[in-house]
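*Asks:* Take a look at this one; I'll ask things after.
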Amino acid sequence: MEVIKTPATEALDKAGAQYEFLEAPGAISGEDYSNAIGAEKASRLFKTLVMKGDTTGSVYVFVVPALAKLSQRQTARALGEHALEMIKPVELKQLTGYVHGGTSPLGMINQYRVIFDECAGDMDKVIINGGGGGYLVELTLDEFAKVQPYELMPLKK
């Protein structure tokens, strides 16, 4: 399969990171993506949420299992924030270079703190957005770290 060039795949290529490019044409929701890639891979599928803390104004990139919900209150407290608010689509494009539904934690135009749910640390590989709607990349966290530092913490409800 030909790899589509996106900021995420270009960042991976530049870092010499090993990854597999996957396509899920027409996928919009986590459920759509899960169905497109199959049950075995769907258990390793993560979504990207970009949020802002109301106390510090910091922008955070959370990477959580695709079918899970982020525990906003618990996560905000752990980060020293009173609350977290989802970045609006117009601001998302300005801050990350990505549009809603095609946001990858890799290749953003600004570098933010990237936090994976702790369950990712137990997986051989994770599958994340590849920088566009319907594009995914599968890679190890070691390969991810060649491009972007990350942390692990409990995020999901």
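*Asks:* Taking K and R as +1 and D and E as -1, what net charge do the other residues with C-beta under 11 Å from the C-beta of LEU139 add up to?
*Replies:* Summing Lys and Arg as +1 and Asp and Glu as -1 gives -2.
*Asks:* Just to be sure I follow: if Rg is taken over the C-alpha atoms of region 9-53 and Rh is the Kirkwood radius over the same atoms, what is Rg/Rh?
*Replies:* On the Cα set of region 9-53, Rg over Rh gives 1.05.
*Asks:* Report the extension gain between LYS125 and VAL99 in nm, rounded to one decimal, defined as 0.36 nm multiplied by the number of residues separating them, less their alpha carbon distance.
*Replies:* So the chain would gain 6.9 nm between LYS125 and VAL99.
*Asks:* Further, regarding this structure: Viscosity 1.002 mPa s, temperature 20 °C: give me the Stokes-Einstein translational D for region 110-157 in µm²/s, with Rh taken as the Kirkwood radius over C-alpha pairs.
*Replies:* Answer from the Stokes-Einstein relation: 185 µm²/s.
*Asks:* Next question. Grab the DSSP H runs of the chain that are 4 residues or longer, score each as -39,500 (n - 2.57), total them, divide by all residues and round the 222 nm result to the nearest 500 deg cm²/dmol.
*Replies:* Value at 222 nm, helices only, nearest 500: -6500 deg cm²/dmol.
*Asks:* Consider all pairwise Cα distances in region 1-75 and report the whole-number % of them above 17 Å.
*Replies:* The proportion of pairs with Cα distances above 17 Å equals 60 percent.
*Asks:* Provide TYR112, TYR150, TYR60 ordered by accessible surface of protein heavy atoms (probe 1.4 Å), highest first.
*Replies:* TYR150, TYR112, TYR60
*Asks:* Another question, if that's okay. Can you tell which of GLY16, GLY107, GLY53 shows the greatest fluctuation in a Gaussian network model of the chain with Cα springs below 10 Å?
*Replies:* GLY16
*Asks:* Can you tell me, using C-alpha contacts under 8 Å and at least 6 residues apart, the relative contact order of region 93-157 as a whole percent?
*Replies:* Once divided by the residue count of region 93-157, the mean separation gives 37 percent.
*Asks:* Over region 1-131, give the accessible area per residue in Å² for a 1.4 Å probe, as an integer.
*Replies:* In whole numbers, region 1-131 has 52 Å² accessible per residue.
*Asks:* Now, a different point. Go ahead and run the numbers for FRET between SER29 and GLU91, Cβ-Cβ distance against an R0 of 25 Å, rounding to 0.05.
*Replies:* Calculated value: 0.70.
*Asks:* Could I get the Rg over Rh figure for region 27-157? Both from C-alpha atoms, Rh via Kirkwood, rounded to two places.
*Replies:* For region 27-157, the value is 0.93.
*Asks:* Say the dipole of region 1-132 comes from +1 at the beta carbon of Lys and Arg and -1 at that of Asp and Glu; which of GLY102, THR6, MET86 then lies farthest toward its positive end?
*Replies:* Projecting each Cα onto the dipole axis, the largest value belongs to MET86.
*Asks:* OK, next. Would you mind getting me the FRET efficiency between ALA145 and ILE109? Use the beta-carbon distance for r and R0 = 25 Å, nearest 0.05.
*Replies:* With R0 = 25 Å, the Cβ-Cβ based efficiency is 0.80.
*Asks:* Now for a different question. When a/c reaches 1.5 or more, the comparison of a/b and b/c decides; with that in mind, is region 36-108 rounded, prolate or oblate per its Cα gyration tensor? Write out the running numbers ahead of the final one.
*Replies:* Values: a/c = 2.73, a/b = 1.36, b/c = 2.01.
Oblate, since a/c reaches 1.5 and b/c is not below a/b.
*Asks:* So what does LYS146 come to for accessible area, using a 1.4 Å probe and Å² rounded to 10?
*Replies:* That residue has around 100 Å² of solvent-accessible surface.
*Asks:* Okay, next question. Say R0 is 22 Å: what FRET efficiency, to the nearest 0.05, do LYS69 and ILE4 get from their beta-carbon distance?
*Replies:* Numbers: r = 29 Å, r/R0 = 1.33.
So the FRET efficiency works out to roughly 0.15.
*Asks:* Taking H placed 1.01 Å from N in the peptide plane, check which residues at least 5 places from TYR135 or on another chain put their amide H under 5 Å from its amide H.
*Replies:* Placed amide hydrogens put ALA24, GLY130 under 5 Å from TYR135.
The values are calculated or read from the model by the stated rules, or taken from the named source; none is laboratory data. This is a predicted model, so every value here is computed, not measured. Cβ coordinates were reconstructed from backbone atoms using ideal geometry, including for glycine residues, and neighbour counts include every protein chain displayed. In case anyone asks, the SASA skips ligands and DNA or RNA and just uses the protein heavy atoms, side chains included. Shrake-Rupley method; radii C 1.70, N 1.55, O 1.52, S 1.80 Å.
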